[in-house]
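Each remark here refers to the structure printed beneath this line.
The values are calculated or read from the model by the stated rules, or taken from the named source; none is laboratory data. Quick caveat, the model's predicted, so the values are computed rather than measured. Methodologically, a virtual Cβ is constructed for each residue, glycine included, from the backbone with ideal geometry; neighbour enumeration extends over all protein chains shown.
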Amino acid sequence: MINITFPDGAVRQYETGTTSLEIAKSISEGLARKVLVANVNGQVWDANRPINQDATIKFLTWGDAEGKNTFWHSSAHLMAEAVESLFPGVKFWVGPPVENGFYYDMDLGDRKMTEEDLGKLEKKMNELAKQNNAYQRREISKKDAVQYFSDKGDEYKLDLLQGLQDGEITFYSQGNFTDLCRGPHIPSTGLIKAIKLTNVAGAYWKGDEHNKMLTRVYGVTFPTQKELDEHLQMLEEAKRRDHRKLGKELGIFTFDDDIGPGLPLWMPNGAVIIEELESLAKETEEDGGYKRVVTPHIAKESLYLTSGHLPYYQDSMYPPMELEGVKYYLKSMNCPHHHKIFAAQPKSYKDLPLRLAEYGTCYRYEQSGELFGLMRVRCLHMNDAHIYCTKEQFYDEFRAVNEMYLKYFKIFGIDKYVMRLSLHSAEKLGKKYIDEPELWKETEELVRDVLIKTNTPYVEVPDEAAFYGPKIDVQIWSAIGREFTLATNQVDFAQGRRFKLEFTNADNKPETPLIIHRAPLGTHERFIGFLLEHYAGKLPVWLAPVQVKILPISDKYLGYANTILHNLKKADIRAEIDDRNEKIGKKIRDTELLKIPYMLVLGEKEMTDEKVSVRRQGKGDLGARSVDEFIGSVSAEIKERHGEDVQVSTVA
Ligand SMILES: [Zn+2]
Ligand SMILES: [Zn+2]
């Protein structure tokens with residue numbers, strides 16, 4: 001018999017050789033139907049793999065990243081089986097899961113894969129899925145594996161085998177298809193209920209342009225048809241809300257060849273959004289007892305040697321420039337600069353917690369192929385701060401950081417979010433993790449406690465912490481259900497010591513502070529990219545670069561329009577006049593396209609009555625108001641930072 005320990009600590013006995021799937025079944029059939037893979041003793045295993053020793057077990061389903069990835073990777077095998085039946089003699093390279101589905105790279109010889117073929121493949125995949133074939137794992141010697149693929153004439157799998165040794169080679173088979181793969185996979189093909197092959201593209205073997213061009217087929221699968229339908233609809237909507245498209249149409253940012261890839265230029269409309277976000281952050285941080293600092297964009301090599309960014313992080317930094325015989329680097333993180341500010345004056349426990357904040361500009365070297373709109377850039381502005389505190393203060397400080405996130409989520413109408421808490425692994429202390437067993441345990445418990453007490457949705461990920469402390473990645477979902485990584489909070493036991501940061505404690509002894517790194521609004525780049533998609537470009541009034549457009553029906557009312565403009569400006573409302581010689585209908589349509597929240601239509605009646613006719617983006621005509629009344633209600637909306645205008649999918 002073996003002892004199986006469940007996540008809640010319960011222990012039950014099972015026959016040696018029992019599988020995770022059988023264990024799930026012993027709990028409930030419903031659970032067993034959902035299990036895709038299982039975490040067995042810290043490793044993700046096939047749910048139908050026999051367990052021969054005592055183990056801790058966690059079932060992984062569609063809701064878990066590993067569950068989903070395994071589902072998609074297994075779908076790549078299913079697709080390969082379908083391809084092999086329609087294109088006999090095809091050779092396969094690799095078929096990993098990706099962000100939204102999977103792909104498989106293949107060599108079709110002289111044949112070409114067409115859009116029409118994708119339809120045929122989908123049909124074949126559905127047929128094979130219905131056969132509900134099990135994914136069967138088999139350990140195999142290198143000699144036999146090489147023999148198998150030599151007989152098959154597949155030089156790609158032979159290439160993969162070169163890097164593998166006896167004892168680490170496994171084959172997986174389902175139906176008539178066998179693949180070299182380390183696994184794991186889902187129990188059987190019948191779990192794949194909805195299939196869409198989305199794209200065919202060329203991809204050089206091993207990503208090297210000197211190699212042969214292979215065919216890459218992308219697909220996505222789901223456990224239900226409903227989820228696939230929703231996914232395809234979301235993709236359509238995401239295309240409409242693409243931040244690169246909206247950023248251009250709304251004059252928010254641009255890229256220029258002479259500036260360089262990954263270096264966005266923020267245009268006047270973008271600069272307004274940036275300023276509004278910064279003033280929100282400043283206000284919030286001031287309330288939270290933060291102090292603002294300003295630091296240079298470059299620093300000497302020695303700073304980054306102390307911090308450890310050099311040499312470990314060197315690949316992500318811009319190459320150094322040499323000045324007076326000393327190497328300077330563009331800063332890729334603000335932390336070391338802030339640590340130097342902490343160290344600049346002696347500190348006692350009475351100075352803590354010290355919270356240093358800066359919207360810091362950082363430069364990172366991202367590979368050209370990785371750059372993507374505002375999401376992956378080489379220059380970024382981070383809503384950064386570092387909190388230096390004692391162990392006793394840690395709980396309250398972390399809780400306040402968490403509350404700041406929740407406040408922002410409310411303002412921006414972010415309903416779905418999850419904190420991903422990465423923990424250490426006790427066996428790897430002193431190797432992968434700094435050797436501070438007590439601090440790890442204490443802080444992890446405090447962080448968990450905050451998340452539980454504040455009802456913050458979170459998941460725990462074992463053995464994925466940073467070297468210097470537990471980390472919390474913040475995942476958010478846009479109004480159309482797309483997931484974004486917003487920011488990372490980091491608890492840090494190491495940097496304080498590396499920089500010899502100290503405070504005098506109550507017993508008059510030197511002590512190293514704990515450091516919390518936090519950036520709730522992430523970077524301007526990523527957050528504004530997110531907001532454009534989230535709001536479909538229809539930013540709430542407080543964030544809108546132009547809040548009110550004044551539309552005189554003809555030149556005759558320009559004088560009145562200017563008076564209104566003057567009043568709005570005096571009330572700090574961002575307004576413009578459309579003084580083109582265009583029909584009012586066209587002016588309204590054009591303003592709608594620019595997604596400006598309010599329009600004021602001015603004609604004879606409005607001028608005589610000293611009123612304005614108000615139109616609201618997306619809501620139409622709101623009727624006539626006095627100017628003061630309009631200014632009063634818009635000012636209140638701006639002040640409260642109303643954000644209820646999130647536009648959820650309009651396709652539905
Ligand atoms: Zn596989
Ligand atoms: Zn930091």
**Report entry** From Glu81, Glu29, residue being over 31 Å from the mean Cα position of the chain (by Cα), more than 16 Å from ligand 1 (Cβ to nearest atom) and acidic (Asp, Glu)
**Finding:** Glu29
Query raised in the report: Does Thr198 satisfy the criteria of being surrounded by 13 or more Cβ atoms within 10 Å (Cβ to Cβ), at pLDDT below 95 and of a type in the set (Ser, Thr, Tyr)?
Result: yes
Report summary line: Within the range 617-640, of all residues that are touching a residue at least 24 places away in the same chain (Cβ under 8 Å) and among the small types (Gly, Ala, Ser), the one nearest to Lys569 (Cα to Cα) is Ser635
Report task. Find the residue count for the range 165-204, including only residues that are within 14 Å of ligand 1 (Cβ to nearest atom) and of a type in the set (Asp, Glu). Result -> 1
Requested in this report: Keeping to the range 45-63, report how many residues are closer than 20 Å to Gln475 by Cβ and either touching a strand residue (DSSP E or B) at 6+ places or on another chain (Cβ under 6 Å) or touching a residue at least 40 places away in the same chain (Cβ under 8 Å) (or both).
Outcome: 3
Query - Count of the range 203-215 residues which are under 27 Å from the mean Cα position of the chain (by Cα), part of a strand (DSSP E or B) and exposed (fewer than 14 other Cβ atoms within 10 Å of the Cβ) - result: 0
Requested in this report: Using the structure shown, decide if Glu436 is over 24 Å from Ala479 (Cβ atoms) and either touching a strand residue (DSSP E or B) at 6+ places or on another chain (Cβ under 7 Å) or among the β-branched types (Val, Ile, Thr) (or both).
Outcome: no
Report task. Return a yes/no flag: does the range 539-554 have any residue that is outside any helix (DSSP H, G or I), at positive phi and at pLDDT 95 or above. Result -> no
Query raised in the report: Taking the condition without any contact (Cβ under 8 Å) to a residue 12 or more places away in the chain and either under 20 Å from His524 (Cα atoms) or not acidic (Asp, Glu) (or both), does Ala357 pass?
Result: no
Query - the range 363-380, residues that are within 14 Å of ligand 2 (Cβ to nearest atom) and in contact (Cβ under 8 Å) with a residue 60 or more places away in the chain - result: Leu380
Report summary line: Among the residues of the range 557-594, the number that are in contact (Cβ under 8 Å) with a residue 24 or more places away in the chain and either part of a helix (DSSP H, G or I) or farther than 18 Å from Lys611 by Cβ (or both) is 19
**Report entry** Filter pass, Tyr104 being within 20 Å of Leu197 (Cβ to Cβ) and assigned to a strand (DSSP E or B)
**Finding:** yes
Query raised in the report: If we scan the range 154-163, do we find a residue that is part of a loop (DSSP other than H, G, I, E, B), acidic (Asp, Glu), in contact (Cβ under 8 Å) with a residue 24 or more places away in the chain and surrounded by 14 or more Cβ atoms within 10 Å (Cβ to Cβ)?
Result: yes
Query raised in the report: Condition test on Lys327, is it under 20 Å from Ala466 (Cα atoms) and more than 15 Å from ligand 2 (Cβ to nearest atom)?
Result: no
Query raised in the report: Checking His642 against (1) at pLDDT below 95; (2) loosely packed, with under 14 Cβ neighbours inside 10 Å; (3) not in a strand (DSSP E or B), which single condition isn't satisfied?
Result: (2)
Query raised in the report: Condition test on Glu403, is it of a type outside the set (Ser, Thr, Tyr) and either touching a residue at least 40 places away in the same chain (Cβ under 8 Å) or in contact with a Ser or Thr (Cβ under 8 Å, 6 or more places away or on another chain) (or both)?
Result: yes
Report task. Give Asp64, Asp110, Asp105, Asp46 a once-over and let me know the one that is away from ligand 2 (no atom under 16 Å from the Cβ), at negative phi, at pLDDT below 95 and surrounded by 14 or more Cβ atoms within 10 Å (Cβ to Cβ). Result -> Asp64
**Report entry** Hits in the range 229-280 (condition: of a type in the set (S, T, N, Q) and either under 23 Å from Ala575 (Cβ atoms) or at pLDDT 95 or above (or both))
**Finding:** Thr254, Asn269, Ser279
Query raised in the report: Which residues, taken from the range 55-101, are among the aromatic types (Phe, Trp, Tyr) and part of a helix (DSSP H, G or I)?
Result: Phe71, Trp72
Query raised in the report: Mind checking which residues of the range 381-419 are within 16 Å of ligand 2 (Cβ to nearest atom) and basic (Lys, Arg)?
Result: none
Report summary line: Among (1) farther than 30 Å from Ile274 by Cα; (2) crowded, with 24+ Cβ neighbours inside 10 Å, Gly529 falls short only on (1)
Report task. Return yes when Val37 is in contact (Cβ under 8 Å) with a residue 60 or more places away in the chain, surrounded by fewer than 22 Cβ atoms within 10 Å (Cβ to Cβ) and either in contact with a strand residue (DSSP E or B) (Cβ under 9 Å, 6 or more places away or on another chain) or at negative phi (or both) and no when it is not. Result -> no
Query - Candidate set from the range 504-538 (those that are touching a helix residue (DSSP H, G or I) at 6+ places or on another chain (Cβ under 9 Å), in a strand (DSSP E or B) and of a type outside the set (S, T, N, Q)); member that is farthest from ligand 2 (Cβ to nearest atom) - result: Glu511
